[in-house]
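The values are calculated or read from the model by the stated rules, or taken from the named source; none is laboratory data. Only a predicted model underlies this, so the values are computations on that prediction, with no experimental measurement involved. With ideal geometry, Cβ positions are generated from the backbone for all residues, glycine too; neighbour counts draw on all protein chains shown.
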Amino acid sequence: QGYVHFLSREDGSFLARAATDGSAIVSTPLVAGSNLIFQTQAGTVTAIAVE
């Protein structure tokens, strides 16, 4: 818990990892443009720019 992992669409290999507030993600991640938005169990709403 506490991280979002990004994997390659082509082969599933590891691409990147981003830290959250340390609690589990409780919402379905939403893609909005180039952002990934989700809410954690602690109530934090996070947007990560995906390149």
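Going through (1) modelled with pLDDT under 95; (2) assigned to a loop (DSSP other than H, G, I, E, B); (3) not basic (K, R) one by one, D11 falls short only on (1). Looking across the range 20-51, the residues that are touching a residue at least 12 places away in the same chain (Cβ under 8 Å), surrounded by 10 or more Cβ atoms within 10 Å (Cβ to Cβ) and not in a loop (DSSP other than H, G, I, E, B) come down to I25, N35, L36, F38, Q39, T40, T46, A47, I48.
Residues in the range 1-19 that are without any contact (Cβ under 8 Å) to a residue 12 or more places away in the chain and aromatic (F, W, Y): 1 in all. Inspect the range 4-14 for any residue being in contact with an Asp or Glu (Cβ under 8 Å, 6 or more places away or on another chain) and surrounded by fewer than 13 Cβ atoms within 10 Å (Cβ to Cβ) and give the result as yes or no. There is no residue in the range 4-14 that is in contact with an Asp or Glu (Cβ under 8 Å, 6 or more places away or on another chain) and surrounded by fewer than 13 Cβ atoms within 10 Å (Cβ to Cβ).
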